[in-house]
Amino acid sequence: MTSDDATVDPGVWQAFESRATQGPEEARVAVLVQLVPPARVAERSGDPSARLTTLERETEELQRDLLGHLDRLGVTSPPRTLTLANAVAVELTAEQIRSVAQRPDVRRIVPAEPKHVAT
């Protein structure tokens, strides 16, 4: 299962291959859908609480269309919005990933897998 679209990280398709025991229609993988442009707030635009509120508001606006698209696709897992990254974490089928990847507001779709960071 591959796509020649550079928007989808190859690791996403590898995750589907590791779920080969499920039917292709049923298999879902956890992904992060990263959007463009990133949400930004001027560094010196008031107190930190006000900046965070502004960032949350801007990110909500940037993600609104994608969340509506996911709803129309019949996504069953509840998407989790990530304000600081301007990304949405969600479980999608291969068909749903291909649809989302075609959106102009989507920068990249990557696997949402835990990473171990050595300190």
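Descriptive notes on the structure:
- Given (1) open to solvent by 90 Å² or more (accessible area, probe 1.4 Å); (2) modelled with pLDDT of 90 or more, number of the condition E113 does not satisfy: (2)
- Restricting attention to the stretch 34-54, the residues that are at pLDDT below 85, of a type outside the set (D, E, K, R) and either under 24 Å from Q96 (Cα atoms) or assigned to a helix (DSSP H, G or I) (or both) total 8.
- Complete set of residues in the stretch 58-106 that are assigned to a strand (DSSP E or B) and either among the charged types (D, E, K, R) or more than 12 Å from the chain's Cα centre (by Cα) (or both): R80, E91
- Residue check, V31 at pLDDT 90 or above and assigned to a helix (DSSP H, G or I): no
- Qualifying positions in the stretch 59-81 - open to solvent by 60 Å² or more (accessible area, probe 1.4 Å) and farther than 16 Å from R28 by Cα: E60, E61, R64, D65, R72, T81
- Just so you know, in the stretch 82-102 the residues that are surrounded by 18 or more Cβ atoms within 10 Å (Cβ to Cβ) and of a type in the set (S, T, N, Q) include one that is nearest to T54 (Cα to Cα), and it is N86.
The values are calculated or read from the model by the stated rules, or taken from the named source; none is laboratory data. All values derive from a computational prediction rather than experimental measurement. Counting neighbours? That spans all protein chains shown, and the Cβs are built from the backbone with ideal geometry, glycine included. SASA here: full protein model, heavy atoms, side chains in, ligands and nucleic acids out. Shrake-Rupley method; radii C 1.70, N 1.55, O 1.52, S 1.80 Å.
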